[in-house]
Amino acid sequence: MERNIGFKERRYIEELRILTRSTALDCVIDDRFERVIYVIRQGDMGLAIGKKGDNIKRLQNVLGKRIEMVEYAEEPDAFIANIFKPAEIVGIERAPDNGPVNFFVNKKSDLGIAIGKAGCNIEKARILCRRFHGIEIGEVLLTPESS
């Protein structure tokens, strides 16, 4: 998919590299939720987070915004699971004709985590899935047997 990285995003990616020695593939500045979302190269997540989240805390202080990180995965299903962590996605339902994709969780608590406060996590998933795999996100639902 087409991703345009502007000057500000490049600066934020470079700031991450300097502070954490990890590589970000992309950076999304989400003004609606006052956060910066980094897509971290596969295998660099531990380095990016740091011991007890120290690197994230330092980066938040430097940039003055909340920082969120998602580990990249080549496979769309694995990437989606990484976006919604720590919620556990147990099923993915693809609509015909490239329609929206729905996700299923087993626990009600995972449903709340996946959606996020004011829908921030589902919005993060919409932005990143559209940007990296051209997938439109539908809804996060409870599996029928857990209701």
Selection within segment 64-85 - within 11 Å of the chain's Cα centre (by Cα) and either loosely packed, with under 14 Cβ neighbours inside 10 Å or free of Cβ contacts under 8 Å to residues at least 24 places away in the same chain (or both): A81, N82, K85
Residues (touching a residue at least 40 places away in the same chain (Cβ under 8 Å), closer than 27 Å to L25 by Cα and not β-branched (V, I, T)) located in segment 119-147: C120, E123, K124, A125, L128, C129, R130, R131, F132, H133, G134, G138
Residue in segment 73-82 that is of a type in the set (S, T, N, Q), within 28 Å of T143 (Cβ to Cβ) and modelled with pLDDT of 90 or more present: yes
Total residues in segment 45-63, condition touching a helix residue (DSSP H, G or I) at 6+ places or on another chain (Cβ under 9 Å) and either assigned by TED's automatic domain parsing to the domain that holds V101 or surrounded by fewer than 21 Cβ atoms within 10 Å (Cβ to Cβ) (or both): 8
Residue list for segment 10-30, filter: more than 15 Å from the chain's Cα centre (by Cα) and within 24 Å of H133 (Cβ to Cβ): R10, Y12, I13, L16, S22, T23
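The values are calculated or read from the model by the stated rules, or taken from the named source; none is laboratory data. The model shown is predicted, which means the values in this text are computed figures rather than measured ones. Methodologically, a virtual Cβ is constructed for each residue, glycine included, from the backbone with ideal geometry; neighbour enumeration extends over all protein chains shown.
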